[in-house]
Amino acid sequence: MLSTSDAGVVRRDPRLPGLSTLLDGEMMTQRLRRLIPATSDLQASPTYVRYKPGTSCLVAYEVRQDGRTEDFYAKAYTVGSLKLLKGAAGAEAASGSRCTTHIWEDIAARLSGPASDRQLKGLARLYDPQRRHKLLRTILPEQPEFWDARIRRIRYKPERRYVAHLITPHGASAALKVYSAADFDHAHLVAGLAAAQQISPEAALLAGSAKHRVLLFRWVIGQTLLELLLAGSLDAATIDRLGARLEQLHFHTLPDRRLPRLTPPVMTERLKAAAQSVSAVCPSLADLAELLVRRISAQLRLVDTPARHGMIHGDFKPDQVICGNGEITLLDFDQAGQGDYAADLGAFAAQLERGALLGTWSMMEAEQVMMRLIRSYSHRHDATLDQRVRLYTASGLLLLAPHEFRNRMPNWFESTSRILDRSARLITDAS
């Protein structure tokens with residue numbers, strides 16, 4: 001059954017007749033049970049949404065059955081797109097899955113499995129054991145232990161990115177990523193730069209295939225900082241090591257001119273996109289989101305200076321940090337660029353703030369972690385660092401706000417509102 005907030009999204013977008021079905025896990029479960037015979041225990045849960053009002057809506061599902069989980073995604077279109085959908089479907093089959101690509105004409109929607117994901121063309125090979133063997137043999141010709149590896153999916157955003165744990169029969173591991181065409185070139189560039197400069201050697205690039213848009217990285221053993229936070233076992237010494245590691249990245253890594261610059265105009269465009277996403281599903285929050293774009297953008301222009309720019313992680317958050325054997329490893333430089341060092345600290349703080357707002361941990365815990373992190377990081381005199389971190393925290397919260405609907409969080413409207421309110425308070429403090 002749709003929540004009140006989801007029902008509001010559906011009501012405002014009559015151009016997508018499949019929207020109400022795709023957002024409702026119960027209705028999708030019923031459709032899948034009719035499509036796949038003898039599956040009374042099948043349950044489909046929406047996990048991720050990418051919504052373009054009046055154009056399309058993609059929803060990813062975890063489908064549980066017989067003690068195992070499979071990935072599917074459905075995409076709703078306008079009625080006028082149905083002929084194109086039918087022509088494109090063909091006889092595609094989702095290898096490794098019992099469900100082929102399927103068109104639901106009555107709701108103008110298309111169901112697919114990962115192996116039929118046209119934007120992530122490497123998945124078709126990975127989901128077929130024989131083709132996976134051939135691909136891995138081509139990518140890693142001198143490491144036969146990986147040729148018959150199995151894959152354990154970690155994260156899948158249909159048509160965007162797929163992340164998995166590659167596990168060999170003898171216990172060797174690697175992290176595997178499959179990218180869309182829009183993201184592969186930058187990810188490949190940054191992975192090469194990171195390897196050349198020994199930025200994060202523990203998670204260095206092992207190999208890749210531009211043809212299939214696949215990259216393989218060393219697997220890092222340990223706990224993520226997020227896991228330590230959730231377990232209440234994040235200690236001061238670990239935070240100190242993280243601060244020193246981040247400072248090393250910012251001040252001891254030579255930025256490459258090919259890396260994109262996170263300038264105020266670039267940030268403003270990202271903030272506008274986030275505000276538009278919020279407005280599309282939360283019209284009552286549109287004015288606040290637009291006000292935040294204007295206020296944050298104005299302050300970014302005031303504090304920005306090239307003297308404070310260097311290489312930044314670009315997506316710095318607790319689950320991108322691995323802690324093991326007293327060492328800190330930074331993961332996933334896919335969004336790395338050049339920008340204000342405070343941007344990474346602010347992005348990290350925004351994640352902590354969001355967790356506190358949702359009750360995952362207390363606001364006091366979040367503030368204590370950030371105070372310790374900034375203290376361990378800031379060995380250089382920078383009188384404006386605290387102000388800039390608050391500014392980038394406010395910015396980071398606005399960028400996170402669309403993720404409540406996108407990641408199908410319970411009570412997503414209320415949590416989106418709390419996140420925007422907190423951003424507004426922080427931007428006032430940073431003034």
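The values are calculated or read from the model by the stated rules, or taken from the named source; none is laboratory data. Source: prediction; values computed, not measured. Ideal geometry is used to build each Cβ from the backbone, glycine not excepted, and the neighbour counts take in all protein chains shown.
Summary of computed values
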read-out	value
Extreme residue, farthest from PRO158 (Cα to Cα), among residues of region 101-140 that are of a type in the set (Val, Ile, Thr) and outside the structural domain of GLU159 (by TED's automatic domain parsing)	ILE107
Of all residues in region 187-215 being among the polar types (S, T, N, Q) and either farther than 24 Å from ALA124 by Cα or not assigned by TED's automatic domain parsing to the domain that holds LYS157 (or both), the one that is nearest to the chain's Cα centre (by Cα)	SER200
Per-region count, region 380-408, residues modelled with pLDDT under 95 and in a loop (DSSP other than H, G, I, E, B)	5
Unmet criterion (only one of (1) part of a strand (DSSP E or B); (2) touching a Ser or Thr at 6+ places or on another chain (Cβ under 9 Å)) for ASP6	(1)
GLU353 vs. criteria out of contact with any strand residue (DSSP E or B) (no Cβ under 6 Å at 6 or more places or on another chain), of a type outside the set (A, V, I, L, M), modelled with pLDDT of 95 or more and surrounded by fewer than 19 Cβ atoms within 10 Å (Cβ to Cβ)	no
Selected residue [crowded, with 17+ Cβ neighbours inside 10 Å, modelled with pLDDT of 95 or more and touching an Asp or Glu at 6+ places or on another chain (Cβ under 8 Å)] from ALA60, ALA74	ALA60
Filter result for the condition that a residue is closer than 28 Å to ALA115 by Cβ and among the small types (Gly, Ala, Ser), over ALA194, ALA236, ALA174	ALA174
Verdict on ALA44 being at pLDDT 85 or above, in contact with a Gly (Cβ under 6 Å, 6 or more places away or on another chain) and outside any loop (DSSP other than H, G, I, E, B)	yes
Listing of helices (runs of 4 or more DSSP H) fully contained in region 224-300 that carry 1 or more residues being closer than 19 Å to ALA342 by Cα and assigned by TED's automatic domain parsing to the domain that holds ARG375	236-252, 264-281
LEU242, sole failed condition from (1) crowded, with 20+ Cβ neighbours inside 10 Å; (2) at pLDDT below 95	(2)
Residues within region 249-263 that are within 14 Å of ALA196 (Cα to Cα) and modelled with pLDDT under 90, tallied	5
Condition met for VAL369 (among the β-branched types (Val, Ile, Thr) and either in a loop (DSSP other than H, G, I, E, B) or surrounded by fewer than 24 Cβ atoms within 10 Å (Cβ to Cβ) (or both))	yes
Meets criteria (surrounded by fewer than 24 Cβ atoms within 10 Å (Cβ to Cβ), of a type in the set (S, T, N, Q), more than 22 Å from MET267 (Cβ to Cβ) and within 18 Å of the chain's Cα centre (by Cα)) for ASN325	no
Residue in region 245-292 that is surrounded by the most Cβ atoms within 10 Å (Cβ to Cβ), counting only those that are β-branched (Val, Ile, Thr) and touching a residue at least 40 places away in the same chain (Cβ under 8 Å)	VAL278
Conditions (1) buried (at least 16 other Cβ atoms within 10 Å of the Cβ); (2) assigned by TED's automatic domain parsing to the domain that holds GLU202; (3) over 19 Å from ARG218 (Cα atoms): number failed by PHE184	(3)
Lone unmet requirement of (1) out of contact with any strand residue (DSSP E or B) (no Cβ under 6 Å at 6 or more places or on another chain); (2) part of a helix (DSSP H, G or I); (3) crowded, with 17+ Cβ neighbours inside 10 Å for LEU32	(1)
From THR428, THR384, residue being hydroxyl-bearing (Ser, Thr, Tyr) and in contact (Cβ under 8 Å) with a residue 40 or more places away in the chain	THR384
Scan of region 159-203 for residues that are in a strand (DSSP E or B), β-branched (Val, Ile, Thr) and in contact with a Ser or Thr (Cβ under 7 Å, 6 or more places away or on another chain), ordered by number	ILE167
Residue among ASP332, ASP386 that alone is surrounded by 20 or more Cβ atoms within 10 Å (Cβ to Cβ) and either over 23 Å from the mean Cα position of the chain (by Cα) or farther than 30 Å from VAL10 by Cα (or both)	ASP332
Pairs where the first residue, in region 49-74, is not assigned by TED's automatic domain parsing to the domain that holds TYR127 and the second is in a strand (DSSP E or B) and surrounded by fewer than 17 Cβ atoms within 10 Å (Cβ to Cβ), C-beta under 6 Å, 6+ apart	GLU62/SER45; GLU62/THR69
